[in-house]
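A short worksheet on the structure shown next.
No value in this document is a laboratory result; all are computed from the given coordinates. Note that the structure is a prediction, hence the values are computed from the model and not measured. With ideal geometry, Cβ positions are generated from the backbone for all residues, glycine too; neighbour counts draw on all protein chains shown.
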Amino acid sequence: MTLAAQPHIATPIDEPPSAAPPPRRPHRGLRIAAWILSGVLILIALLVLALALMDWNALRGPIGRFASARMHREVVLDHLSVHPWSLEPSAEIGGLRIANPAWAGAGHTADIGQLLVQIKLLPLLRGELVLLRLEATKPDIYLRRDAQGRETWDFSGGARKDKPLKMPPVRRFVIRDGHLALLDDERKLKVDATLEASERLGVANRGFQLRGDGSLNNQPFRLEAVGGPLLNVDPNKPYAFDADIQSGATRVTVRGVVPKPFDLGELSLAVTARGPDLEELYDLTGVPFPNTPPYSLKGRLVREGKVYKLSGLSGRVGDSDLAGTLSVDASRKRPFLTADLRTERLDFGDLMAVFGGAPKIRPGKTVSPAQQATAATLQAEHRLLPDATLKVDRIRALDADVRYRAAGITHAPVDLRSGSLRVKLDNGLLTADPLSFDLPQGRIAGRIALDARGATPVTDADLRLSNARLEQFIPIKSGGAPALTGGLVGRIKLHGAGESVHRAAANADGRVVMIVPGGEIREAFAELIGVDVTKGLGLLLAKNQDRTPIRCAVASFTARDGVLTADRLVFDTGPVLGEGRGTVDLRNERLDLSFQGHPKQFRLVRLLAPIEITGPIVTPKLGVDKGKAVAQGGFAAVLATVASPLAAVLPFVDAGLAKDAQCGALIAEASAQGAPVRSVKKAPASRKTGG
């Protein structure tokens, strides 16, 4: 029997045995993190242990050497104690000395008996330093600035960034038994002061006090500053303080705030100042103000970094009011001052102090003792021009752009109504351009420049008088009416070197020309020009009001080395043609002029003698030199002598004057007499084209 193949049935014995699952292992990254965390914890533990066991006092040397390198002078710590285990760690230094820089010699800029500093730790991790406590016991601070401008409080080692002091916020600021000494050779300032910021509060102790005495430019100096308590100071709330500064007769009071304590780059101050002369504020401010009469001013001063802005300026200077704005940008190599000033009523005498002089003293006039002395000296010496030396170093140290307007003017030598000027100062070159004074009719305008860049200051003046009236400058009355009337124009162009107004005038070169192109004169005065004792004096005694025309009058001077020599003195009226000669000596401030009249009609009885004007410029004497009586001369010969050069003189003031109906007639008449008269060519008329 054949057996059939049977299918094979797998049994469990036939199956291969299943493999066991591999054991699980931790993730590699977790192992690394665990090791790092363990290492950090170990390091922290070691650091904590090291800090706990560390002798902080042993770090005095390394810390001192590090500070010395950063501050460019020796720094020494006698004792150091640190308390790091807090979110508000603190450190205490016993005996901290910061030496002077090498140029200041031996000694210390700061010597602090004990200094405690406490900070907030968490803000420090964000890069923000917040001082919870800053307590200094018996700090002795000595500050000095030498004549070269070097300062012991400059820790930059000569690479000064010139930024204002900006301290981090201090919540609790205490100073006990502080002493501050300041010696400033540049400002001639010396101060010895006590400094206290105490925890004790009350009426007698407001919290912060700084009081000192000394001298400023050889004048007694006193400083007092008080502020609110320096406890719980909020860096987001302004800190208020008051200050009172006195130097001689100058006094400055301040009511101020530090908007963000203690960032001294931002200040807001209500300031009042009064004293005998604004120039004396230079030693306090470093700004070269001009000389002035006694003043009383107030305003609000705001400091924004290196820019100081004074707004709401108001008060009086002498007997003149003053208002406006002023700012100083101290970030430049030379501080730059800008100002817009105005006066409603200017007492002209107050301007005299600007040039080193003094006004005419009258009852009620506001002047300082120094001005009174100057006025007495000038009066005793019969002088007008002041000799005060210009401080050129101050002019060279500042740039400026100042605008000034006077709406009204009083007590001027002539009837000035208003005035304005713009003063620019650039690297030692001062210009007043434009400069303008308004008359009831006419104007005085021009330019004055003072170049103080060289060894000796040089002054250039070019002033023009236009559309004025003769009676405004020579107010001679006759029966209530002006004895002289007519137009008046002129020009002054002078160049002189000197450290004062007097010295610049004493060597001045240039020209001075005054012209009356037409007008009228009382006939009696016209006759007296020729000294007609019979007619002229008779007309005066009879109060005769008859008038005669002024055809042309010219006074032309050439200046050389401070002496103005008359090259043309001509006065042409109906009955008389006058000519003159002489000098005006600015060196000695004296006049020596003579005037000779020549009648146009022959008179039998006439004393022909020169009229003389002699003596000091401020007090001249008018007289007749009878010892020089001469025979009556021919009018034609005199006319040829005096009129022929006028064609060259008149264009110096205005080219059109040579063709004026009156002065031009005189020139034409001289030409008809055969005198050589140089003509002035007219500019060709512009052609007009039809359209």
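Filter region 277-302 down to the residues that are under 25 Å from L183 (Cα atoms) and part of a loop (DSSP other than H, G, I, E, B) and list them by number. Across region 277-302, the qualifying residues are D277, G286, V287, P288, F289. Going through (1) touching a residue at least 60 places away in the same chain (Cβ under 8 Å); (2) out of contact with any His (no Cβ under 9 Å at 6 or more places or on another chain) one by one, D347 falls short only on (2).
Restricting attention to region 215-232, which residues are in a strand (DSSP E or B) and not charged (D, E, K, R)? Passing the criteria: S215, L216, Q219, P220, F221, L223, A225, V226, G227, L231. Counting just the residues of region 452-474 that are of a type outside the set (A, V, I, L, M, F, W, C) and part of a strand (DSSP E or B), which one comes out farthest from the chain's Cα centre (by Cα)? Only one residue fits best here, namely R469. Exactly one residue out of G487, G446, G428 is in contact with a Lys or Arg (Cβ under 7 Å, 6 or more places away or on another chain), closer than 23 Å to D572 by Cβ and surrounded by 18 or more Cβ atoms within 10 Å (Cβ to Cβ), and it is G487. Going through (1) closer than 19 Å to R176 by Cβ; (2) buried (at least 17 other Cβ atoms within 10 Å of the Cβ); (3) touching a residue at least 40 places away in the same chain (Cβ under 8 Å) one by one, L115 falls short only on (3). For region 410-434, a residue qualifies if it is of a type in the set (G, A, S) and more than 17 Å from L463 (Cα to Cα), and the qualifying residues are A412, G428.
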